[in-house]
Number of protein chains: 2
Amino acid sequence: MAAADTDLGRARRARVVVLGGGFGGVYTALALERLAAKGAPVEVSLVNRENYLVFQPMLAEVLAGDVGILDTVSPLRQLLPRTDLFVRELEGVDLQRRVVTLGAGLTPQTLELPFDHLVLALGNVTDFRGIPGLPEHALPFKTLADAMRIRNHAINVLEQASVVQDPEARRTMLTFVVAGGGFSGTEVAAALNDFVRHAVGAYRSIPREDVRIVLVHSGERVLERELTPHLAAYATRVLSEQGIELLLDQRLVAASPLGAVLAGGRRIPTRTLISTVPSSPNPVLEQVVGLPTVRGRVECDATTAVQGCEGVWAVGDCALIPMPGGEPSPPTAQHAIRQAKVLAQNIVATQTGARRRSFAFTGLGKLGALGHHRAVAELPGKITVQGPLAWLMWRGIYWSKLPGASRKTRVAVSWLSDLVLPAHPVQLNLGGARGATQAHYEPGEVVFEQGDAADSLFMILAGTVEVSQRVDGRPQAIGTLQAGEYFGEMALLGRRPRSATTRALTALDLLVLPGADFAALADSLTEFRGEFEQIARSRAAADAARAGTDARAEA
Amino acid sequence: MAAADTDLGRARRARVVVLGGGFGGVYTALALERLAAKGAPVEVSLVNRENYLVFQPMLAEVLAGDVGILDTVSPLRQLLPRTDLFVRELEGVDLQRRVVTLGAGLTPQTLELPFDHLVLALGNVTDFRGIPGLPEHALPFKTLADAMRIRNHAINVLEQASVVQDPEARRTMLTFVVAGGGFSGTEVAAALNDFVRHAVGAYRSIPREDVRIVLVHSGERVLERELTPHLAAYATRVLSEQGIELLLDQRLVAASPLGAVLAGGRRIPTRTLISTVPSSPNPVLEQVVGLPTVRGRVECDATTAVQGCEGVWAVGDCALIPMPGGEPSPPTAQHAIRQAKVLAQNIVATQTGARRRSFAFTGLGKLGALGHHRAVAELPGKITVQGPLAWLMWRGIYWSKLPGASRKTRVAVSWLSDLVLPAHPVQLNLGGARGATQAHYEPGEVVFEQGDAADSLFMILAGTVEVSQRVDGRPQAIGTLQAGEYFGEMALLGRRPRSATTRALTALDLLVLPGADFAALADSLTEFRGEFEQIARSRAAADAARAGTDARAEA
């Protein structure tokens, strides 16, 4: 090996750049490292946003608190000791110049990585565009951060529900809606159901019956696309028996801060909407000139080579790789791992002039956890398993696939501690949330009520707002506001409750500036503050004239 | 107990509201719960921002990764089963009306809690105001979130240092500066030193000798205010032997994105500045009308009663409680815990007409961890212990004080796993950072260089910026910008590198809008985009005229 490390030796090796650190990317790099150790003339770089691989099948356990936060992640440097790791954002891929551009890190310089072989392993992303309000108000469930965020949000909701006085507001807070009845959606609904129904025991003031977990699914049974009809029916029944409300044959069409809207107009008031659909291939792929894609996935032949692009390969969820029967591989970890092995061997075969292999794997079976220590499994040969036995299989199989003995030990310790030590619904407050955000309201929804505490300033991006005030106890419209106008500044400047009610007349998109940020801006920028104060004064004067009284008395 | 829970029984009990969930507040509530169980006529509410108590002495271990993230926290609902917990922001205290106002939660309503007795247990806060650049660029080390943030930042710095090409930029990234040589500063410097020097082993491309941990302290020895001269000298030597660079008799006077500035003008280029000073009592106390305070701490008599305010009590770091000798109690957990017991008994004594007790505790000793399994301890009777034995004592004593058997088990399991399993420097990317931030630059510092990748837009809050361009390879000033003006928009609109260099002529305060947020705003608000485009065009035209060439060629 020492001789091969000289500059001369290095120059002869092919530079392989792997984009993405999920199962596909990591197992490709792993296979290439092993082949290189046996003398294959390749050197590997891997680009990923994080320095760890997330073991996604266990994210629902992180949400439920069954395993520790870091139990499900493996450090890439430890897994891949001979790979050069670049923890940077991917900025672009140039197939002509054969370079990958990485975004700026702590210094303001972008970085170019030249490649001989490029491996696209960019996976799926949750893509909420296209459903109004979903990008602003739905929680995705895809990454470790997502699982943590949902857990923290659920605990926050319990804390606030325990001290809120209005029973309707409390029921809204205690309603948790999950959209999507595939593997991901059923697992998160089951984990959330287990977690919330257990955690609520610590809150004396919360009536148990106010807790609702709702699963919205477009089909007749959950998991019907993934499993046999028999198992799908079993899974549907198990979820329902655990107290999960199933809204089947229903579709989410909009979301707002007040709740979820289904096709047909039904509204579910909630503060927690988790959506596992829709997901789509990484949008970076769409921008690569000359890459053949079908609905965002990269078209490959059975050797995992991208069609028409010599030295470009794809693997995993972002790739469209035919199975022996001709149909495309499904987007699962078991397929990605086996594609990665074929891919790595074919890169080396290309370098050494050997013959390329074809991907020939049809799947080992399917597993889904259903909460309450129950699961469903579909094995080769049409064998199906369900209930606690399937759940033990589920844990056993995934545990055996955890990379490394130390990870296996940590997870086993967590599972054991969990049996003997009480769970602790601790909210890990990392304080990230601040700065301007966007919000979407459906027609008719109230943004704030007269008398509410004031916590933000709103600017209208699209839509119309109606402003009204109670005069002699009756609401009276006093005007409308359009895109480009803002509202809510009066209460913030005066530190008093809202002096009017605002309501969306149309679908409404808002830019929301938190009160603390507004205060910081107003303190720093006298002009900014002056402008708002002037408008607030003229609005207050108009209020006073209209009500025939001093507007300040409203406060 | 059942009879006492009737409305009649409740009406007679005194309502005690405890503000703050640190050691002082939690142990007060705990003592009151115990007295109530024995029949004392009190009911307790506790207000805290989080639903857990952080075991602060172990935060440095979280940073170093020796214990799990949640090992050091205890859920308040589990510790205090009979206390009503309010996880809300504290908005105000009205001693006249005898109510506490809590901020809005998930609903926009504030909440008023009436009290018969009020316990102020609001602790210390890190207060960076007064040192230019410190609020924007220094990391505090006070809460669990702070410890996690420092750990994540250190890992990010290692990742970026491993791929940066400029050796000077790399050395800057690998310099970690800690300000303050008290218990907190020495513990964080020691933990960071242990963690970084161990973690860097996973980064092949980082030269070990580039790592610098610098501790800036205003005294001649670290811990000289806390320990005997002999132990302070020992602690100073131990830190120095571990490779921590001690800058003694030095003071931090400013910070910027580029580094730390010391009194006398010395600059330390760094991307990581942690400051444990200055800390001050919670500013909420300053706003309470009628509360006697001395330098922010609440003046109490030896019974922990606030002077001149019947039914108002204070405990812990925010309280000024005389010890038997007359001098005030130091701000340590051991004093807070014992004050809490006295306070609770005195509230009950007030209700039952019994005699109040006085606080009579002078301290058990002092302990400080120094990294590398070394510590210092000062025990009563002038006994001093140092080295590994003191470190074992440190762990043993704090472990025995962990609340609850399950917490003790979890920490013990973590410590044991740590001995047998390899540590994993995994960056927990929770994605919080976004939105506008502020930045401070010292005179002469560069905000960005011509040719840098563009990632943000800047607005000047205070100060003057010089703009220059290279003409025939030589930098040439082309103008200055003042408060209220912005810069950096040209590169963002055109998605190309910076076309000019900007430098602070004076101390400079900026509002920084990240490129992604700028893009979102520009997409949503056509007017906003139009205004920027117009200014960008006129600046580009001026550039073109000046350079006698098409400005676009610069890109």
Can you tell me which of A:G316, A:G296, A:G243, A:G308 is over 30 Å from A:L118 (Cα atoms) and small (G, A, S)? A:G243
For the subset of the stretch A:66-78 comprising residues that are more than 18 Å from the chain's Cα centre (by Cα) and in a loop (DSSP other than H, G, I, E, B), which member is farthest from B:G65 (Cα to Cα)? A:D66
Take A:A541 and decide whether it is over 19 Å from A:F458 (Cβ atoms) and either touching a Cys at 6+ places or on another chain (Cβ under 9 Å) or modelled with pLDDT of 65 or more (or both). yes
Verdict on B:E286 being among the acidic types (D, E), in contact with a Leu (Cβ under 7 Å, 6 or more places away or on another chain) and either surrounded by 20 or more Cβ atoms within 10 Å (Cβ to Cβ) or more than 27 Å from B:L367 (Cα to Cα) (or both): no
Selection count where residues are outside any loop (DSSP other than H, G, I, E, B), at pLDDT 90 or above, among the small types (G, A, S) and crowded, with 18+ Cβ neighbours inside 10 Å, scope the stretch B:321-361: 3
Quick one: in the stretch B:439-458, of everything that is aliphatic (A, V, I, L, M) and buried (at least 18 other Cβ atoms within 10 Å of the Cβ), which residue is nearest to the other protein chains (Cβ to nearest Cβ)? B:A453
Hey, does the stretch A:299-314 have a residue that's assigned to a strand (DSSP E or B) and either under 19 Å from the mean Cα position of the chain (by Cα) or without any contact (Cβ under 8 Å) to a residue 24 or more places away in the chain (or both)? yes
Among the residues of the stretch B:271-289, is any without any contact (Cβ under 8 Å) to a residue 24 or more places away in the chain and either among the β-branched types (V, I, T) or more than 30 Å from B:V385 (Cα to Cα) (or both)? yes
Is one or more of the residues making up the stretch A:107-124 within 24 Å of A:Y398 (Cβ to Cβ) and surrounded by fewer than 20 Cβ atoms within 10 Å (Cβ to Cβ)? yes
So, A:Q250, is that one in contact (Cβ under 8 Å) with a residue 24 or more places away in the chain and polar (S, T, N, Q) or not? yes
Given the options B:R197, B:R171, B:R208, B:R212, name the one that is within 13 Å of chain A (Cβ to nearest Cβ) and either within 26 Å of A:L80 (Cβ to Cβ) or of a type in the set (K, R) (or both). B:R171
Checking A:P57 against (1) outside any loop (DSSP other than H, G, I, E, B); (2) in contact with a strand residue (DSSP E or B) (Cβ under 7 Å, 6 or more places away or on another chain), which test does it fail? (2)
For the stretch B:397-434: of the residues being modelled with pLDDT of 60 or more and among the polar types (S, T, N, Q), which is farthest from A:A147 (Cα to Cα)? B:S400
Does the stretch A:34-44 contain any residue that is under 30 Å from A:K366 (Cβ atoms) and at pLDDT 90 or above? yes
Residue ID - nearest to the other protein chains (Cβ to nearest Cβ), chosen from residues in the stretch A:110-168 that are of a type in the set (S, T, N, Q) and part of a strand (DSSP E or B): A:T126
Contacts under 8 angstrom Cβ, first residue in the stretch A:465-485 being within 14 Å of chain B (Cβ to nearest Cβ), partner surrounded by fewer than 13 Cβ atoms within 10 Å (Cβ to Cβ), 6 or more apart: A:G484/B:E527
I'm told B:A235 meets every condition in (1) within 14 Å of chain A (Cβ to nearest Cβ); (2) buried (at least 19 other Cβ atoms within 10 Å of the Cβ); (3) more than 23 Å from the chain's Cα centre (by Cα) except one. Can you identify the failing condition by its number? (1)
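The values are calculated or read from the model by the stated rules, or taken from the named source; none is laboratory data. Just so we're clear, the structure is a prediction, and the values are computed from it rather than from any experiment. So basically every Cβ, Gly included, is an ideal-geometry build from the backbone, and we count neighbours across all protein chains shown.
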